[in-house]
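This report refers to the structure that appears directly beneath it.
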Amino acid sequence: MRGSFLLFHRWGGLLIAGFLFVAGVTGSIIAFHHELDEWLNPAFFTASGAGAPLSPSQLVATIETAEPQARVSFLVLPEDAGAVAVMFVQGRRDAATGLRHDLGYNQVFVDPATGAVLGRRFFGACCFQAERVIPFLYRLHYTLHLPRPWGDWLMGGIALIWLVDCFVAAYLTMPRGRPFWRNWGVAWRIKKGAGAYRKTFDIHRAGGLWVWGVLLIVAFSGAYLNLTDEVFRPAISALSPLKPTPREAGMARLTANPEPARITYDQAVDLAMTEARERGWSVTPATVSHLPRFQTFSVGLRPDEGVNLGTARVYLDDRTGEVLRTDYPGDGSAGDTFIAWQFPLHSGEIAGLPGRILISLSGILVAVLSVTGVVIWWKKRAARRVRVTRAATP
């Protein structure tokens, strides 16, 4: 068994090392994606702070009036007086061809008090210009910029191999001789005064052991986020009943020719907040999106206190304002709660700033473990070749 595990760790590790190096480096950066993006692009994130902010409907109108071919699909409301409003937009469909107009951008930054456009960009475009680098790294982390769903499946598969290898690697650190605990203690230390190879080996082994729990969580949550519908929801639903996803629940409303919405962004936010107060939620409006083909408004509500499990959400009929569905992080079955934990755990946001620092450091360690693993294999391979050559030489 140990020999089989060793082969899996060696060849599985070599297979995923390059991918994990990229995921580790990019993950350590995007743990602070907002702060870094703001530092690199201050013009995008500097609001005038003059006067009361415009309402969501007014903010949307400033963009759609100035650019008639654009439609706002998602609005991120400013968190405080100094923050900007961020909108994701897409081209409207041409009535004759059915194709969307090419705007050349999909994200707009707006001063919430004046409605002035502070900047535009295409989120996810290549590569390292100041306005592109953080979104580029964000998509690189999840999909390697491969077309979906291929990028999701590839990185999800890499995460699954890594998840299994976490257990295999931990097993391989355990000693075969007695006393167990004293012998296993060697695996947790870096030997002083050792040569370069031994230090590399100790860093690889001890580094993985000390943060094994964190690496296991990151591997599992990463696999979940990329293979949610393909693997994890079916598996979890076999153990615990799951609430249908918003998309599953909304398929009955899907239409190719939606009617114009009869309620506004402002009304959607007001109705969502009324529903939240009736349910006793302590929340603040965070996002608003209009899904015309589903004839639905989705309002994201940021919990004001407690463990950060993400935003609550209220879904409303875009013609009547009827509440179609509500989601609050942590509500529902054990399976629903477990699923709600995955993104906050993967990003570190579940523990606030300390959690994000831990995730950033773990990303660096993943990159180090990937490099040291390849170095160890290369050194052993070279040593085996030397032994074979010597044995064949009279």
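The values are calculated or read from the model by the stated rules, or taken from the named source; none is laboratory data. All of these numbers come straight from a predicted model, not from anything done at the bench. Cβ coordinates were reconstructed from backbone atoms using ideal geometry, including for glycine residues, and neighbour counts include every protein chain displayed. The accessibility values were calculated without ligands, DNA or RNA, using every heavy atom of the protein model including side chains. Shrake-Rupley method; radii C 1.70, N 1.55, O 1.52, S 1.80 Å.
When the residues of segment 233-264 are filtered to those that are touching a residue at least 24 places away in the same chain (Cβ under 8 Å), among the charged types (D, E, K, R) and more than 22 Å from Arg92 (Cα to Cα), which remaining residue is surrounded by the most Cβ atoms within 10 Å (Cβ to Cβ)?
Arg233
Consider Gly280 carefully, then state whether it is open to solvent by 20 Å² or more (accessible area, probe 1.4 Å), within 28 Å of Pro112 (Cβ to Cβ) and modelled with pLDDT under 95.
No.
In the list Arg92, Arg132, which residue meets the criterion of being among the charged types (D, E, K, R), under 29 Å from Val60 (Cα atoms) and in contact with a Cys (Cβ under 8 Å, 6 or more places away or on another chain)? It would help to see each step written out before you state the result.
Values: Arg92 fails: in contact with a Cys (Cβ under 8 Å, 6 or more places away or on another chain).
Unique residue meeting the criteria: Arg132.
Being surrounded by 20 or more Cβ atoms within 10 Å (Cβ to Cβ) and acidic (Asp, Glu): is that true of Asp318 here?
For Asp318, the condition - surrounded by 20 or more Cβ atoms within 10 Å (Cβ to Cβ) and acidic (Asp, Glu) - is met.
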| task | Take Leu309 and decide whether it is surrounded by 20 or more Cβ atoms within 10 Å (Cβ to Cβ), closer than 23 Å to Lys243 by Cα and either among the β-branched types (Val, Ile, Thr) or within 18 Å of the chain's Cα centre (by Cα) (or both). | result | yes
Within segment 192-213, the count of residues that are open to solvent by less than 60 Å² (accessible area, probe 1.4 Å) and among the β-branched types (Val, Ile, Thr) comes to 2
Note on segment 11-51: residues part of a helix (DSSP H, G or I) and surrounded by fewer than 16 Cβ atoms within 10 Å (Cβ to Cβ) are Trp11, Leu14, Leu15, Gly18, His34, Glu35, Leu36, Trp39, Leu40, Pro42, Ala43
Listed by first then second residue, the pairs whose first member lies in segment 159-180 and is on the phi > 0 side of the Ramachandran plot, whose partner is surrounded by fewer than 19 Cβ atoms within 10 Å (Cβ to Cβ) and at pLDDT below 95, with beta carbons under 9 Å and at least 6 positions apart or on separate chains, are none
Residues in segment 52-61 that are open to solvent by 40 Å² or more (accessible area, probe 1.4 Å) and at pLDDT 90 or above total 3
### Message
Regarding segment 169-191, can at least one residue be identified that is in a loop (DSSP other than H, G, I, E, B), out of contact with any strand residue (DSSP E or B) (no Cβ under 6 Å at 6 or more places or on another chain) and open to solvent by less than 40 Å² (accessible area, probe 1.4 Å)?
### Response
yes
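State yes or no: is Pro149 more than 14 Å from Phe19 (Cα to Cα), touching an Asp or Glu at 6+ places or on another chain (Cβ under 9 Å) and modelled with pLDDT under 95?
Details: more than 14 Å from Phe19 (Cα to Cα): yes; touching an Asp or Glu at 6+ places or on another chain (Cβ under 9 Å): yes; modelled with pLDDT under 95: yes.
The answer is yes for Pro149.
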Quick count over segment 229-248, residues being of a type in the set (A, V, I, L, M, F, W, C) and farther than 14 Å from Gln342 by Cβ, is 2
* Condition check for Ala272: buried (at least 17 other Cβ atoms within 10 Å of the Cβ), within 14 Å of Pro56 (Cα to Cα) and without any contact (Cβ under 8 Å) to a residue 60 or more places away in the chain -> yes
